[in-house]
1. Expressed as a whole number of Å, what is the distance separating the alpha-carbon centroids of the stretch 214-261 and the stretch 179-212?
2. For 226, 18, 333, what ranking results if the residue with the fewest other Cβ atoms within 10 Å of its Cβ goes first?
3. Compute the angle between helix 423-432 and the longest alpha-carbon principal axis of the chain, please, reported from 0 to 90 degrees and rounded to the nearest 10.
4. Quote the relative contact order of the chain in percent (integer), defining contacts as alpha-carbon pairs under 8 Å separated by 6+ residues.
5. Using packing as a proxy for protection, rank 288-300, 66-78 so that the peptide with the highest average count of other Cβ atoms within 10 Å comes first.
6. Could you check what % of the DSSP bridge pairs in the stretch 214-395 are antiparallel, to the nearest 5?
7. Using the number of other C-beta atoms within 10 angstrom as an exposure proxy, rank 136, 348 with the fewest first.
8. Given the chain, what percent of its DSSP beta bridges are antiparallel, to the nearest 5?
């Protein structure tokens, strides 16, 4: 039996693992982001037509983003995911394809003026359509699915709506953590613990540190809003469309309900996040107890001055708002999307604030701002960084070091493969798992198991 690491090895993005034993099972097929983005354009290190089944742990692009490419190059097997993951994946992939098409169109225009060739997108909306013509199987938590000589079970990973870690029984027992959440999340239920396993593949995004508590982070966000409004500025929140946006809306809803939100306008300026918020409203069975109680009294994301701005025209109008606005927009790492326009109009203003509530991968615009850059380039223009920058990591959808160690130890594995983390962070988690044999696989490394 072979275990292959085709992504998220000594880096955070591009999750893709293959378990091979007579049949070939792929666990995730994620997009690479940040400094390793060029890997998306390389050939797969396997023949997609020979993959028997694809198991998706959740719907973030670094776990599903290369699915259209996989299908384009021959994958025709079944896809297994929770119902919420499948619904969100459709929104995520169509949005990703539109971004690919727009970027290719822009680059082609520039190239043609220079006498250079046409740029083709990584994949198109037509490629995404092909993905959803395949057979998707909705799998509930706790239900075991047979795949010839293997069987797998999804358990709640507590990361985002519908996320799962995967137990695979192939004679030997494997656990793939996917992305693991922390206890005490704002909307969804806490992660389950894994069973005993021979091999554990565990993420290490925050393998080097713990997060502040959610309560501290909520208070920090409240202070950031109050201080910014006192200065007469706007609050910009670059936010991932999935989970983080809904958590921020939920927190603002609680502020409003408790009379703690100053009079302001709130803009959700992300068509993708708007669509995904609808998916959240359609899956109250996945809420934790507190959110379930809140939902019994109405929409848990309600705010009186909340505007969903889907059109480009509505988005541009926000530029006229000079103060007392909270603007939530993607992308969460500021690599694209409408947040870049809002940064262009607000980042140079001392009275404004940018509140980062998610992980910023090396090489992204968000990471440069967080790391203290004095000037950044946005749409070809040098923009001074004068706004106050907040980094609030307690909203993270990823578990901190202590919980990763506790969670991993429950499986009592013979060997741990530490993945989905910058190398130094994976090393620190491995040191925390000193009672177990730990390996930090390199990209495209394979192991006999």
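Where a number appears in this text, it was derived from the coordinates with a stated rule and is not lab data. Quick caveat, the model's predicted, so the values are computed rather than measured. Here Cβ is always computed from backbone atoms with ideal geometry, including for glycine, and neighbour counts include all displayed protein chains.
1. Comparing the Cα centres of the stretch 179-212 and the stretch 214-261, I get a distance of 25 Å.
2. Fewest-to-most ranking of 226, 18, 333: 226, 18, 333.
3. Between the helix axis and the principal axis of the chain, the angle is about 70 degrees.
4. So the answer I get is 20 percent.
5. Final packing ranking: 66-78, 288-300.
6. 20 percent
7. With the sparsest Cβ surroundings first, the list reads 348, 136.
8. 50 percent
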